[in-house]
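Below you'll find the structure, written out as C-alpha cells, and then a few comments.
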2 protein chains.
Amino acid sequence: MLKEERHAYILHQVNLHNKVLSSHLSEQIQVSEDTIRRDLAELAQEGKIIKVHGGALSNSFHLGITSQDVYAVEDKKTIALKAVQLIQDGMFVLTTGGTTIAELARMLPKDLQATFITVSLPAAFEYANHPNIEVIVIGDKLAKGSKITVGGEAISKIKMIKADLCFLGNNAMDANDGLTDNDWEVVQVKRAMISTSKKVVVLSISEKLDTAEQLKICDVEEIDILITELPPNSKKLQPYRKKGIQIL
Amino acid sequence: MLKEERHAYILHQVNLHNKVLSSHLSEQIQVSEDTIRRDLAELAQEGKIIKVHGGALSNSFHLGITSQDVYAVEDKKTIALKAVQLIQDGMFVLTTGGTTIAELARMLPKDLQATFITVSLPAAFEYANHPNIEVIVIGDKLAKGSKITVGGEAISKIKMIKADLCFLGNNAMDANDGLTDNDWEVVQVKRAMISTSKKVVVLSISEKLDTAEQLKICDVEEIDILITELPPNSKKLQPYRKKGIQIL
DNA sequence: TGAAATTCAGCAAAAAAACGCACAAATCCA
DNA sequence: TGGATTTGTGCGTTTTTTTGCTGAATTTCA
C-alpha cells in the first residue's frame, strides 16, 4: 500500500474512532510499526492528528485548554439563567455550594431584593457582590474540601428557617435511585434544606442525570423542579417528568 | 487504554463530581492504583486538578480569594511571625478578619493542631488550607464590605466559646483612647471576643498606633499582648508598656 | 494509640520509540 | 540508457516510557 493511501486510511480511522493504536494499524495495513510511527509523525507534523505514546488521537480530543475554566460553564450559565427567574423580591432562598450555584449567584439581577442563606463560603462571597441581597451564613465546623459548614449546629439552624426556595447543586441523580452524593456531610445539609423549603429546585447539567453515587439524599418525588441546560421537552428528561417533577 | 485517554476520563470525572477516589478510578479503568496515582500527580502538576490523599478534587472552586497587594506585607509578616509563637496545640483561638490576620493564617505551622473560630470568611478560607486545624465559622448576617458575619446571633455564639487566645486585627489604638474602630458591627464582635477570651492579643502595624476612631471597643488595660513590627523596646511602644501591656 | 489505607521509592518487565543501517524502488540527470 | 541520488521501508539494537509490584514510610481514622 502506498504511503498516501496509508495516510488517508489512518486519518479516516482516527476521525472515526477518535483514537488509533500503532500496533493495531500495523496489523491492519500489514506494514511494520516503524512505518506506522513515521506516518503518524508526519500526520502529527501537519497538525492533522495528535500523536501520543502508543498511537494517536483525533484533534477534537480536547485536553489542553479547558483546564482553568469551570467545567461546562456555558451549560451552567444556561441553567442559572432559568433558575434566576424563579426568584422574586422578598424571598428567602436556601442554597448549597458548587459551581452551578456560583453561576447562579453571578447572574442574579442587580435590583433583586432577597435573602440568601447558605452554608457555602464561596457562594456567600458571590452573593456578597450584590448590594441588594441580604446574605446569611450558616455557621459551624468548616469542611475543608467543599468549603461548606457542616454539623449539628448548622443542620438545626437550617431547619429553623422556612425558606421559599431551595437550590441544590447536583452531584448525581437518577429517576429510580433519586438524588445521591458522595460526601456524608453534604448529604446531611441537603436533607435539612429539602425538609425546610417550600419548593426544592435541583440544578444539574444533563451529564449528571442518570448517574448515582453512594449516599442517598432523597427520592426524586421530593424534588419540585429540575433545571438542566436541555430544552424541557428533551427525551432525556422524560423519566423525571413522569415522576411528577416540573422541568424547566 | 492510552494514557491520554485515561487523563481525559479522569479529568472529566473530577469536573463532573468534584471529587474522585484513586481506588474507584483504578476499578473503573482497570489499571493499578499506582498508575492512577501517577496520572493524578501529572494532572495536578499541570494544575488541572488538586491531588489529595486518596484521590483528587476539582480545582474550579479556588477562586474568590485574590491575595491582592496588601499594604505593608512585610511588616504584617513580621507581626504574624511573632503571633504564631503564642499558639499552642489544643488551643481555641478566636480571630477577627483583616489582612494581618490573613498573614497569620498563612504562617501557621503545618503540624499545629488547634481550633480557630472566626467570623471572617476570608480568614476561614486561609485556615482551611491547614489540614490539622479545625475551623469553626460563626454564622449570621454577612457584612458585605468586610466579609465578616455580624449580628446578635454571632455575638451570642461567640460568647458561648471560652477561647484561650483572641487575635484582634487592629484599626486604631491609642494609649489613652483605647482600642477604637469605625464600624459599629465590627465593634460589637470584637467586644464579644474580648469578653470571652483568656488572653487578648492585638496585632497592629505601628502606623495605627496613637490614632483613634469614633467607636470605642475597649480600654488598653483589657489588652494583654500587643504585637507590632517594631522591636519590643522601641520608644513608640513605651506608653503601652506603661499601661501594663506585654509587648512582643 | 494502633490498625488500615495510602503513598513513596526503587526495581523489573513489557511496550513503544528512537536510531543507525541496509536495501530496494523510484526519480533524476547527463 | 545507466549511474547517481533520493525516498521509502524493514530490521536489529539501544533508549525511553509506561506500568505493576514489593516493602518501607506515612497518613488517616476510630
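Of note:
- Only a single item in (1) in a loop (DSSP other than H, G, I, E, B); (2) closer than 26 Å to residue A:125 by Cβ; (3) within 16 Å of DNA strand D (Cβ to nearest atom); (4) small (Gly, Ala, Ser) is not met by residue B:90, and it is number (2).
- Test for residue A:79: is it outside the structural domain of residue A:169 (by TED's automatic domain parsing), buried (at least 20 other Cβ atoms within 10 Å of the Cβ) and closer than 23 Å to residue B:12 by Cβ: no
- Test: residue in region B:100-123 that is in a loop (DSSP other than H, G, I, E, B), modelled with pLDDT of 90 or more and more than 21 Å from residue A:120 (Cα to Cα): no
- Cβ separations smaller than 6 Å between residues 6+ apart or across chains give no pair from region B:12-38 residues that are in the same structural domain as residue B:51 (by TED's automatic domain parsing) and free of Cβ contacts under 8 Å to residues at least 24 places away in the same chain to residues that are part of a loop (DSSP other than H, G, I, E, B) and small (Gly, Ala, Ser).
- Residue B:100 being over 23 Å from residue A:150 (Cβ atoms), more than 10 Å from every other protein chain (Cβ to nearest Cβ) and away from DNA strand C (no atom under 16 Å from the Cβ): yes
- Screening region B:12-45 for residues that are at pLDDT below 90 and buried (at least 16 other Cβ atoms within 10 Å of the Cβ) and picking the one that is nearest to DNA strand D (Cβ to nearest atom) gives B:19.
- The number of residues in region A:13-39 being closer than 16 Å to residue A:61 by Cβ and assigned to a helix (DSSP H, G or I) comes to 5.
- Residue within region A:156-173 that is over 30 Å from residue B:144 (Cβ atoms) and not polar (S, T, N, Q) present: yes
- Identification of strands (runs of 3 or more DSSP E) wholly contained in region A:179-237 with 1 or more residues that are over 28 Å from residue B:55 (Cβ atoms) yields A:197-203, A:225-227.
- Scanning region A:130-149 for residues that are more than 8 Å from chain B (Cβ to nearest Cβ) and surrounded by fewer than 24 Cβ atoms within 10 Å (Cβ to Cβ) turns up A:130, A:132, A:133, A:143.
- Filtered by the rule that a residue be under 15 Å from residue A:172 (Cβ atoms) and within 14 Å of DNA strand C (Cβ to nearest atom), region B:15-42 gives B:19, B:20, B:21, B:24.
- Residue within region A:55-70 that is of a type outside the set (Gly, Ala, Ser), modelled with pLDDT of 90 or more and surrounded by fewer than 17 Cβ atoms within 10 Å (Cβ to Cβ) present: no
- Screening residue A:73 on (1) within 11 Å of chain B (Cβ to nearest Cβ); (2) away from DNA strand C (no atom under 16 Å from the Cβ); (3) buried (at least 16 other Cβ atoms within 10 Å of the Cβ) shows it passes everything except condition (3).
- For region B:150-169, the condition holds for no residue, the condition being that it is over 30 Å from residue A:134 (Cβ atoms), of a type in the set (S, T, N, Q) and either at pLDDT 90 or above or in a helix (DSSP H, G or I) (or both).
The values are calculated or read from the model by the stated rules, or taken from the named source; none is laboratory data. Here the structure is a predicted model, which is why all the values come from computation and not from measurement. Every residue, glycine among them, receives a Cβ derived from its backbone with ideal geometry; neighbour counts consider all protein chains shown.
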